[in-house]
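Following: one structure in structure tokens, then a few remarks.
The values are calculated or read from the model by the stated rules, or taken from the named source; none is laboratory data. These numbers were taken from a predicted model, which means no experiment stands behind them. For neighbour counting, all protein chains shown are included, and Cβ atoms are generated from backbone atoms with ideal geometry for every residue, glycine included. The protein model used for the area step is the full one, side chains on, heavy atoms only, and it has no ligands, DNA or RNA in it. Shrake-Rupley method; radii C 1.70, N 1.55, O 1.52, S 1.80 Å.
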Amino acid sequence: MIKKRRILPSLIIAIILILSSSTSAFAVFSYEPKFNNTITANSVASISDGGLLTITNKYQGIKGTTTKGEITTYIEKKTMGFFWTRVDIGQPDNQWHDVIYNYMYIGDHTFQLASHGTYRITVIYVISGTGGDPDTITRTTTKTY
């Protein structure tokens with residue numbers, strides 16, 4: 001009977017200590033930001049049956065922290081099965097360059113593809129603000145037409 005009285009309180013204390021230590025460890029990691037000035041940055045691409053490529057770029061910065069977003073978007077086509085060649089979109093350096101002075105943005109670019117094939121869309125976000133060094137985030141997707 002004496003052993004049972006000692007084991008039960010010790011077991012309860014051990015369980016409480018284990019639960020409290022693991023909860024605090026999870027809490028620390030869940031609140032750490034991944035970027036200095038950005039919450040999310042994503043791009044979505046789609047190609048219509050007629051070959052119209054639509055690229056939607058969006059980012060969500062931190063209100064009061066994010067001051068500027070620069071987005072560079074370009075398209076490449078797979079050639080000879082191995083190589084990627086930049087597609088001529090009629091813009092300087094064959095890329096779109098958007099500069100946004102806001103903490104959030106959603107915008108589209110469209111381009112009529114000239115031929116069938118596999119296309120790679122690359123979007124580079126550089127998000128600046130007072131949260132630290134600019135965040136450079138690259139998103140790449142591949143689509144077949």
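Please give the FRET efficiency for THR138 paired with ILE7, using the beta carbon to beta carbon distance and R0 = 41 Å, rounded to the nearest 0.05.
In this case the efficiency is close to 0.10.
If you filter region 69-113 for chymotrypsin sites (Phe, Trp or Tyr not before Pro), then keep DSSP loop positions with at most 16 other Cβ within 10 Å, what is left?
Answer by residue number: PHE82, TYR101.
Taking all protein chains as present, what is the carbon and sulfur share of the accessible area of region 50-95, in % to the nearest whole number, probe 1.4 Å? Don't skip to the answer; put the middle values down first.
On the way: 1250 of 2450 Å².
The value for region 50-95 is 51 percent carbon and sulfur by accessible area.
Whole angstrom only: what separates the Cα centroid of region 72-104 from the Cα centroid of region 40-54?
Cα centroid of region 72-104 versus Cα centroid of region 40-54: 13 Å apart.
Quick one: which residues, 5+ away or cross-chain, put their amide H under 5 Å from the amide H of ASN37? H built at 1.01 Å from N.
ASP135
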